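Structure first, commentary second.
The values are calculated or read from the model by the stated rules, or taken from the named source; none is laboratory data. Here the structure is a predicted model, which means the values were calculated and not measured. Remember, those area values only see protein heavy atoms, side chains included, never the ligands or the DNA or RNA. Shrake-Rupley method; radii C 1.70, N 1.55, O 1.52, S 1.80 Å.
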Amino acid sequence: MQSTVKELQAHPAHPVRIDESELINYQFSKNEVLNSPEAIRRRWIDLNRCEALGNLHKTPCTLVFESDTGKLIQLEALIWAVTMKSVLLKSGRLIPVSCIYEVLM
């Protein structure tokens, strides 16, 4: 069942789910993936909430981001810190804020 979730070719509407250990295999989009200032503001609020959840309650959040090849990736991870440009995960990996489409709690 796990192998059916991870497809080789991801449709934009259906992100490929990965484990945090697989994140090392991906590079991130350098472009801003959100179009509206309101969506960017909402992402910022959600990232900060997830940072609090990760630090206070050890609760993971789900991030949907775009890789450098345009593939959507879904990852559940603990967010330890958020800066203006990056999100720091528990694993020590940084994800650029600009490539994150959605933050789910």
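When shorter helices are ignored and each DSSP H run of at least 4 residues is given -39500 (n - 2.57), the per-residue value for the chain at 222 nm works out to -5500 deg cm²/dmol.
What's the extension gain from H57 to E20 if we count 0.36 nm per residue and subtract their Cα-Cα distance?
11.4 nm
Relative to the present Cα-Cα distance, how much length would full extension add between R42 and K85 at 0.36 nm per residue of separation? Walk me through the intermediate numbers first.
Values: separation 43, 0.36 × 43 = 15.48 nm, distance 1.53 nm.
In short, 14.0 nm is gained.
The shape of the chain comes out oblate: with a ≥ b ≥ c from the C-alpha gyration tensor, a/c is at least 1.5 while a/b does not beat b/c.
Residues in the stretch 13-104 average 57 Å² of solvent-accessible surface per residue, probe 1.4 Å, ligands and nucleic acids excluded.
On the protein heavy atoms, probe 1.4 angstrom, tell me the percent of accessible surface of the chain carried by carbon and sulfur. Result for the chain: 56 percent of the exposed heavy-atom area is carbon or sulfur.
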